[in-house]
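Inspection log for the structure reproduced underneath, given as structure tokens.
The values are calculated or read from the model by the stated rules, or taken from the named source; none is laboratory data. Computed from a prediction, not measured in an experiment: that's the story for all the values here. All Cβ positions, glycine included, derive from the backbone under ideal geometry; neighbour counts span all protein chains shown. Heavy atoms of the whole protein, side chains included, go into the accessibility calculation; ligands, DNA and RNA do not. Shrake-Rupley method; radii C 1.70, N 1.55, O 1.52, S 1.80 Å.
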Amino acid sequence: TIVVATAATGTFVKRGQLAALAIAAVVIIVGVPLWWRTTETYRAWLPVSQIKELAYMQLQLSADVEVVFARGTVTPEQQKKVPLTQTQDEEHTVDGDLLLPSVLLADLSLHMLSESPCGSLVVYVIPESSSLLAQDVDVYIGQRRTAFLRIGAQMRAVRTLEQLLAHLDPQLKQVLQVMSFSHSDIIAALSDRVRLSPGTKESMADSMRAFKSSPGYEITFSLLNPDPKSHRLHWDIEGAVQTYIQPLLTKLAPVANFSIDSQTLYYAMLGVNPRFDSSRGAYTLNSDSLAHVINPVEARLGSNAASSNPVLNFLLYVPDAHHSPLYIHDHKKQEVASNAFHSPRWGGIMVYNVNSFYGAEAELPVDVNINMAKVMGVFLAQLRLLLGVQSSSPPPGFLVAPCGTAGLADWELDRLMWSRSVENVATATTTITSLAQLLDQIGNIVINDNIAVQVSNAVTSLQLAVAELEAGNLGFALQYSKEAILASERAFFDPSLLHLLYFPDDQKFAIYIPLFLPMCVPILLSLLKILSETRQKRREKQAKRD
């Protein structure tokens, strides 16, 4: 009986050991990998090496400049030195002493003859004796992508065309900087990434005045009538927008999308009490008090919560009868001719006085028809500044044609597209680089396939934009840069990257230890007991042998 009981006990112990080993094997082979697989953070593949290369990327901007020599500018000997190329000649004289009475008509005629592609320039070299330009004008910049350059008499002594182009190179560089891009434009576009020197206050002011690049903009025109009992205002804002603003926005369509709305606000005050100037019999607003005008007025404007695009506000303020006329003074205590001012990256305000409509026998409220041509002329100039169209002074000897009815010359559009392309590339590069650093530092953030696709698209678009900038294809470069910035922002602001969707390691241990510890302790103790018994048996066998 004792032998049978001992054998049964040994069998039971052996079964227990096998069961413990089986459970431990299942936990280690199946349970642990399954738990690891189901609880690991999914991180899709990102082009990290290409993103790191973006931080050291160098931009190379190329602009095609075509130099056309008019009759009388190149000697027969110089013409013999011209390299043989396949060309198609079309005779079109641009001299002023023939059929074209002015340089404006010459510019228009040459534009109709051959339209230059976006981002390129055509420089027509005319002889010194030409009456097309005034005597004090050496370079004329037209409304399109053309310029007229007067050649000096000393240039005729040059033997070869290469030497002639070398003498013209400084003037051609000046034309390129005025009509395409300059060093200050690139620095202003990269103002968020490049630290400007203390001496470039004007460049810094220009870069801070204009709105940053965006896929779209909201433009709001507001009429402020603080005293509707005294005057009834009438403004044809719809017709004025179609006449003065829409041509400019149509030309700016490659840069961004625009939406326009208007509103009339009654009993809306400026929030600043103007001072009465007894010497002039009028009220004045000093430049120091203009900064306090924005906040009280902005509270009445409302906001477009349905759109994330920047808002450009243009306010027309008609003073009440008790504070009229009202004039704005600059920091030199001089009256501002336009009676308007603008706030960087916000908008502009114009004061429109109607005190001339009040008479001794006038019945209140007085009907006032606002001169929209005067108002839109001011708002159009402010809109150009806020969108980054800089009207820099040309070098000496340069004459720049007026921008025309569209409010924007073709070369001004190219200049804006150059700066916007560089700014978009810089912004997208910064966004993607910051996102890659964030994901590398925090390993628990989920990187789903959508984020990986957006990051890859942004990197690809950036590479294409840089390649198109180097090739001088401005239109494609701007389009790729816009796609890059949109893809980078979609990846950076993806909802799955929120901090509530991942947990630190200490929180994970606090959650899983109460679940796994009660199960792991018996298994671990059983394995330790089996190991102890195995060692004990080995010792007994060794003792018997000895």
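At-a-glance table
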item	result
Of K52/K173; K173/K212; K212/K333; K14/K537, those spanning more than 23 Å from alpha-carbon to alpha-carbon	K52/K173; K173/K212; K212/K333
Rounded to the nearest 20 debye, dipole of the stretch 254-336 from Cβ charges on Lys, Arg, Asp, Glu	120
Under 5 Å, built H, 5+ apart or other chain: amide partners of G388	F211
Heavy-atom SASA rank of R535, R43, R150 (probe 1.4 Å, accessible area, largest first)	R535, R43, R150
Rounded to the nearest 10 Å², the accessible area of M417 at probe 1.4 Å	10
Three-way shape call for the stretch 202-299 based on the alpha-carbon gyration tensor, with the a/c threshold at 1.5	oblate
Overall form of the stretch 360-479 per C-alpha gyration tensor (a/c, 1.5; a/b vs b/c)	oblate
Protein-only accessible surface order, largest first, of I513, I530, I126 at 1.4 Å	I513, I530, I126
Residues with amide H under 5 Å from that of L285, placed H, sequence gap 5 or more	Y327, I328, H329
Hull volume in cubic angstrom per residue (convex hull over the Cα atoms of the stretch 211-387)	117
